[in-house]
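The structure appears below as structure tokens.
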Amino acid sequence: MKDSFKNVRCDENSPKWANAIKRENDFYSRNDIRSEFERDYTRILHCQAFRRLKHKTQVFYATRNDHVCTRMEHVMHVASVSKTIAKYLGLNEQLAEAIALGHDIGHAPFGHHGEDCLNSLMEQKEGKDAPKKFWHERNSLFFADYIETLPNPDAVEQPLNLTYAVRDGLICHCGEIDQQGIKPREDAIDLYSIKRPGIIQPFTWEGCVVKVADKIAYLGRDIEDARLYHILDMGAYRHIREIVASTLNSKGNHAFRSGKAVNTTVLINDMIVDLCEQSSPEKGLCFSDEYFKFILELKKFNFAHIYNHWRLKEFTIYASNVIQTLYRTLIRTYDYALNGRVSQALRYYPNLSKTFSEWLIKYSNYAPIGANGMRVDKKKLMRFNTPCIFNIEDRESFEKCVVEYISGMTDAYAIQVYQEIISF
């Protein structure tokens, strides 16, 4: 029902409010025009990691097709869905939008396969059964806390320093877990104590909304893009019709136009309406039994006919080669990094050399050797106030430094520096 969640929204009347708006430090100017969460929204909007999402794969690598969904477009879909749900239910739509806008800023290039590839590089020492070391939800929090910066009024780059509620929403947004009756947890825990994606519910109802909106946003759009990619055959379209007929009966048929295409906007609308009609603070965020079954079947369809399609498998082979080549190339610079000579190790790869050297200077204890053969005083280079995150004297820390550097790349830039490495 409309405004049925108004009494549990995250605002000044909530017992969670003090923790929700907590920031570690705030170096930026304050004013009374924007709310705390509006400020977070604009900080995310202006950070580089958000800008790069326009050149990161959602599902299909299609940089030359303007109409295939990119990671940025997916994020905007999630923000739109989250705002619509939050507004109708009486929740804090500004908080929901801020979480949604930032939820994928830690995503690797080449979609979920890029994420799996980086995780496998970090898991090598502990084996395949070890907990994931790289997962994009945690990496979104990590980028928001330590990597992304914006200039303060003195033009010194400072961390984003987002509120706890938004940071919590980033790491807890996993939409891959199939759940009914999602409710927020009570305690404001240490977010870095979360070791696996999807096991901890968000701190706020607004964070829970983003978690559901993530799934609503991608299911139909992935089918639409698959049609544009020409990977759905007549058997797939028959399968869609069977799913609709067996789960929704007459409901939702208008979203599929006899199974020959997908009306994504109608499908998203129907799922939003069903969620809003079925949810309550007592039951949690949930769909009707019909729609929940439909969503599960649609997700199975996507895996069977889209995500495991041979053309996407061929793409993952290429993406793996790009990421692994970059990783091996950068790991070989370790001894050079200890001696302040990374640029010498990468001298034949000018783009890679420049950006990786800048990354090391900004986020580690690396001190380059200058033209005079002496270590450069980093304070003279610095117009940023970021903590030293990586210790290059520790091999494992250096390896994580390399992985995080690669994770921030767009598909296009990763391919560009890969071409530098393999070309003559």
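The values are calculated or read from the model by the stated rules, or taken from the named source; none is laboratory data. Just so you know, these numbers come straight off a predicted model, no measurement behind them. Please note: Cβ atoms are built from the backbone with ideal geometry, for glycine as well, and neighbour counts cover all protein chains shown. Each accessible area value is taken on the protein alone, full model and side chains, heavy atoms only, with ligands, DNA and RNA left out. Shrake-Rupley method; radii C 1.70, N 1.55, O 1.52, S 1.80 Å.
Results, tabulated for the structure shown:
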quantity	calculated
Percent RCO, i.e. relative contact order, over the chain, from Cα pairs under 8 Å lying at least 6 residues apart	18 percent
Potential lengthening between E73 and H46 on full extension [0.36 nm per residue; Cα-Cα distance subtracted]	8.1 nm
Size of the range 260-348 as Cα extents on the principal axes (Å, biggest first)	63, 37, 19
Between helix 411-422 and the chain: long-axis angle, C-alpha atoms, 0 to 90°, nearest 10	40 degrees
Accessible area of the range 60-101 belonging to carbon and sulfur atoms, whole % at 1.4 Å probe	45 percent
Calculated FRET efficiency for the pair K293/R347, C-beta based, R₀ 60 Å, to 0.05	0.55
Rounded tilt (10° steps) of 289-302 against the dominant C-alpha axis of the chain	50 degrees
Mean Cβ count within 10 Å, highest first, over the residues of peptides 186-197, 97-108	97-108, 186-197
On Cα atoms only, tilt of 205-228 relative to the major axis of the chain in degrees	90 degrees
Full-stretch length increase - Q180, D154 - with 0.36 nm per residue and alpha-carbon distance subtracted	4.6 nm
Accessible-area composition of the range 288-402, carbon plus sulfur, in percent [1.4 Å probe]	52 percent
The chain - accessible surface per residue (Å², probe 1.4 Å)	46 Å²
The chain shape via C-alpha gyration tensor axes, a/c threshold 1.5	oblate
